[in-house]
1. May I ask you to list the residues in region 111-124 that are outside any loop (DSSP other than H, G, I, E, B) and surrounded by 21 or more Cβ atoms within 10 Å (Cβ to Cβ)?
2. Give Arg143, Arg133 a once-over and let me know the one that is without any contact (Cβ under 8 Å) to a residue 60 or more places away in the chain, surrounded by fewer than 19 Cβ atoms within 10 Å (Cβ to Cβ) and not hydroxyl-bearing (Ser, Thr, Tyr).
3. Would you confirm whether any residue within region 7-15 is free of Cβ contacts under 8 Å to residues at least 24 places away in the same chain and in contact with a helix residue (DSSP H, G or I) (Cβ under 6 Å, 6 or more places away or on another chain)?
4. For residues that are touching a residue at least 24 places away in the same chain (Cβ under 8 Å) and part of a loop (DSSP other than H, G, I, E, B), tally how many sit in region 262-298.
5. For region 190-205, check the following and say yes or no: at least one residue is surrounded by fewer than 16 Cβ atoms within 10 Å (Cβ to Cβ), in contact with a helix residue (DSSP H, G or I) (Cβ under 9 Å, 6 or more places away or on another chain) and among the aromatic types (Phe, Trp, Tyr).
6. Here is a check on your reading of the model: is Asn286 out of contact with any Gly (no Cβ under 7 Å at 6 or more places or on another chain), loosely packed, with under 15 Cβ neighbours inside 10 Å and not basic (Lys, Arg)?
7. In contact with a helix residue (DSSP H, G or I) (Cβ under 7 Å, 6 or more places away or on another chain) and either of a type in the set (Phe, Trp, Tyr) or on the phi > 0 side of the Ramachandran plot (or both): is that true of Gly173 in this structure?
8. Identify, please: which residue in region 214-234 is more than 20 Å from the chain's Cα centre (by Cα) and of a type in the set (S, T, N, Q) and is, among those, nearest to Leu186 (Cα to Cα)?
Amino acid sequence: MRYALIGCGRISPNHIEAAKNNNLEIVAICDLIPEMMKEKSDKFSLNSVNKYEDYKEMLIKEKPELVAIATESGNHAKIAIDCIESGCNVIIEKPIALSIKDADMIIKAGKEKGVLVCANHQNRFNKSVQYMRKAMEQGRFGRLLHGAAHVRWNRGENYYEQAPWRGTWAQDGGCLMNQCIHNIDLLRWMMGDEIDEVMAYTDQLTHYYIEAEDLGLALVKFKNGSYGIIEGTTNVYPKNLEETLYIFGEKGTAKAAGTSDNIIEEWNFADGLDDSEEVKSTYGENPPNVYGYGHTPLYADVIDAIINKREPYIDGEAGKRALELVLAIYKSSAEHRPVKLPLEDCSTMDFVNRFDN
């Protein structure tokens, strides 16, 4: 299957490794900065792979069947729609877009062209998360009571200097949209997806050199009667501390933790179907970074979905739901009120000048 990657920045090695691990034919890589392409080409022995600074030229000349989009978040929608219009299946790095309107356009275009759209929320494929999800689908938690997603990380000025689009409303958003959206996706997915309303605060406490938030706190009321707590920050001193996901049910308690929900720290169920210590030792991983090991199984699922003409495990609608929850948090904080879902239309650009002093 002919594969191309658009965007050779920080996350691109995970995409290249996933493509190689799944035996895709890498026909091209693309980036506006030639040095970025050369660096990845040298690292992954892609010297014979064609390099492009113009992705539209690449689409015409290479005719890839599958394209991964790993550019600045604000460019995801336009590039995705151009790829879809060219007949390409797409894997779109998180977030799928920065507005509800753009997410809807991507989903609609994919359906009209008959191609697959996958949102790259790879942490759903973590061993720990998959085992937790299985327990959820089997009803082992009983009635869901509440869940909590915490991302307690550190990002310093150097991180933002490396790529000036980071922390901007037009191209990124803040810690919730960039660093925390994976865990926000997991919380919504685990707790039943359907949300009634969101109440939130966001603030910019130390990162005065960016436009968006470095702290987000939210309460989520799900339509099934359960609740969610979200805490996201990039202010933790002096380095990343943890990413955790708690699920509390009437008959079960589970906690995924570690670098990015990669291990199980708590596992207690009334049914006694498995041994807590065995579960902890079996379903834990120790990845080298916060991106984990999820890209390779995500790619495998997408390839199988293309071949068997089915929806991927994480489709465009899933990407939209994660985006919608972050935007609802932004809206609630900006307007100082609870926000009902679904959101008809909302964009990060609605919050320009939010933290101007």
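The values are calculated or read from the model by the stated rules, or taken from the named source; none is laboratory data. Computed from a predicted structure; not experimentally measured. All Cβ positions, glycine included, derive from the backbone under ideal geometry; neighbour counts span all protein chains shown.
1. Val117, Cys118, Ala119, Asn120, Gln122, Asn123, Arg124
2. Values: Arg143 fails: without any contact (Cβ under 8 Å) to a residue 60 or more places away in the chain.
One residue alone meets the criteria, Arg133.
3. Within region 7-15, not a single residue is free of Cβ contacts under 8 Å to residues at least 24 places away in the same chain and in contact with a helix residue (DSSP H, G or I) (Cβ under 6 Å, 6 or more places away or on another chain).
4. So the answer is 15.
5. Checked region 190-205: at least one residue is surrounded by fewer than 16 Cβ atoms within 10 Å (Cβ to Cβ), in contact with a helix residue (DSSP H, G or I) (Cβ under 9 Å, 6 or more places away or on another chain) and among the aromatic types (Phe, Trp, Tyr).
6. Working: out of contact with any Gly (no Cβ under 7 Å at 6 or more places or on another chain): yes; loosely packed, with under 15 Cβ neighbours inside 10 Å: yes; not basic (Lys, Arg): yes.
Yes; evaluated as a whole, the condition is true for this residue.
7. Numbers: in contact with a helix residue (DSSP H, G or I) (Cβ under 7 Å, 6 or more places away or on another chain): yes; either of a type in the set (Phe, Trp, Tyr) or on the phi > 0 side of the Ramachandran plot (or both): yes.
For Gly173, the condition - in contact with a helix residue (DSSP H, G or I) (Cβ under 7 Å, 6 or more places away or on another chain) and either of a type in the set (Phe, Trp, Tyr) or on the phi > 0 side of the Ramachandran plot (or both) - is met.
8. Ser226
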